[in-house]
Every structure is written in structure tokens, then in C-alpha cells.
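Report on one structure; see the data block that follows.
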Amino acid sequence: MIKGVLFDLDGTLLDHRGAADAAITAWLSARCPGHPRLAEAPELWERLEVPHLAMWQRGECSVEEQRRRRLRAFCRELLVDEPADLDAAFADFVARYRRSWAAYPDAAGAVAALSGLVLGVLTNGAQVMQEAKVRAIGLDGPLRTVLTGEVLGGHFKPSPAAYTGAAAALGLTPEEVLLVGDDVDRDVTGPAATGMRSVWLDRLGLEPAPPGFPRITSLADLPRLVHPPS
């Protein structure tokens, strides 16, 4: 029986991609007006995000250092002068990113429809920033429990310990928890190793879910999976 639901955050409740794309485009445009490769900036920034965040999650560098490395690689690729103060330059990007934070239209309704369950967020971002995002999109009331690898002993999704630790933080067993998210490895197949159930949120609806896992294209479809009609 499902007693709790864990939501991924970026790409599930919050439109991370839209916010990051707008922020990095504005950041580059402000520094290099008319840059000939401005249109490529969002795709490049997204491509750099994955390996650099992974370095931090593996404990190879601090979160601040992975940000410096990512920004340095971004500037090098686009032939932009490296900022003298990388931390200040990244802070400028973050300020623009924060201004673009927005929940998906289906997020609040889905969370409200599950109010009788134990709810939380399991995300791979930095703890302070992810908590700020939940507050910014107005879901910090029902989603008071925000869990990242930083508070789960250094275990990030798809480490099995991330899922078992998150379930324990909700006061539940993995078998009593459902995880919903947009990443197949981290949010769908990863939890299965611990007995936790999962739902793949495929907002674009472009491909079938891995065999044996349900797929939804909107969070509006989630409540009927958790509380199927009798």
C-alpha cells in the first residue's frame, strides 16, 4: 500500500530547463552582446551540467568548484573571456536563474490531491538551493521534507542508499513509497532495486516507459495511479 510519495524537483515540479536556458542566454548576452553563438548557449550549458554535477556528487570537488569548472568550460567553448571572478560570475547566472523559477502548471494540483499521504522531495541538487526552489514555487507547505545527497550521507540518486534513506526520512519503508520523476535512471529504474515503486513523468510523451513501469505525461494523471477508482 502506498503511504508516501516522493517527487523529483527539477523537470518534475519546477521547470529547471526553461529557467536555466533563459538565465544562461541572458548571462551571455549581457557579457557579449550579439555573440554569434548565442542560440547555442542553452544546449551547451545543459551538456556541461551533467558531468560537472556528477563530479561533485562523487565527492571529487566542492559544489562551488564544479560551478567554476562548468563556467570555465562554457566560456572556453564559446571563446568568451574567462571572468576574473568565477564565483561572482556564477552568482550572476544564479540570480538570473532564480528569477525564472516557475512550477509546472500541473504541480500544485497534483500535490494537493495527495495531501492525505506523507509527501516529500528527493532531488540531486544542492540542499540550500533546492529548498529555496520549493519555497519559491509555493510548495513548501505540503512538501516540507526536501532531501538531497547532502543530507542522505552523500548518497545521490541512483544510489540505492538514496532511496532507502529518503523512505526512512519519511518514516516509511521503500515498499510504502512511490517516486515520481522525469529521469528514467534516477527516478524510475533506480528505485526498483530497493522495492520502491516509481512512475515516469514523460512530459513530451515521446517514448514508452521501461517495461513494467507506468508512464504519465502530466502530474494531473498521478492521483489516479495512487488512488485508483474502486
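Please find, among Ala95, Ala113, Ala107, Ala88, the residue that is in the same structural domain as Lys157 (by TED's automatic domain parsing) and surrounded by fewer than 18 Cβ atoms within 10 Å (Cβ to Cβ). Break it down into steps so the answer makes sense when it comes.
Numbers: Ala95 fails: in the same structural domain as Lys157 (by TED's automatic domain parsing); Ala107 fails: surrounded by fewer than 18 Cβ atoms within 10 Å (Cβ to Cβ); Ala88 fails: in the same structural domain as Lys157 (by TED's automatic domain parsing).
On inspection, the qualifying residue turns out to be Ala113.
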Exercise. Of the numbered conditions (1) in contact (Cβ under 8 Å) with a residue 60 or more places away in the chain; (2) surrounded by 13 or more Cβ atoms within 10 Å (Cβ to Cβ); (3) of a type outside the set (Val, Ile, Thr), Gly59 satisfies every one except a single condition; which is it?
Worked result: (2)
Problem set entry | All positions within the stretch 191-208 that are hydrophobic (A, V, I, L, M, F, W, C), free of Cβ contacts under 8 Å to residues at least 24 places away in the same chain and surrounded by 16 or more Cβ atoms within 10 Å (Cβ to Cβ) | Ala192, Trp200
Problem set entry | Checklist (1) among the charged types (D, E, K, R); (2) buried (at least 18 other Cβ atoms within 10 Å of the Cβ); (3) closer than 20 Å to Val180 by Cα applied to Arg70, failing item | (3)
Exercise. Part of a helix (DSSP H, G or I), acidic (Asp, Glu) and more than 20 Å from Lys3 (Cβ to Cβ): does that describe Glu207?
Worked result: no
Seminar exercise, completed: Per the filter on the stretch 181-198, residues touching a helix residue (DSSP H, G or I) at 6+ places or on another chain (Cβ under 6 Å) and assigned to a strand (DSSP E or B) are Gly181, Ser198
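Can you go through Gly59, Gly34 and tell me which one is in a loop (DSSP other than H, G, I, E, B), on the phi > 0 side of the Ramachandran plot and over 22 Å from the mean Cα position of the chain (by Cα)? Outline the logic, then answer.
Numbers: Gly59 fails: over 22 Å from the mean Cα position of the chain (by Cα).
Of Gly59, Gly34, the one residue that is in a loop (DSSP other than H, G, I, E, B), on the phi > 0 side of the Ramachandran plot and over 22 Å from the mean Cα position of the chain (by Cα) is Gly34.
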Problem set entry | Residues that are without any contact (Cβ under 8 Å) to a residue 40 or more places away in the chain and assigned to a loop (DSSP other than H, G, I, E, B), drawn from the stretch 119-156 | Gly138, Asp140, Gly141, Pro142, Arg144, Thr148, Leu152, Gly153, His155
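The values are calculated or read from the model by the stated rules, or taken from the named source; none is laboratory data. Since we're looking at a predicted model, the values are computed, not measured. Cβ atoms come from the backbone with ideal geometry, glycine included; neighbour counts cover every protein chain shown.
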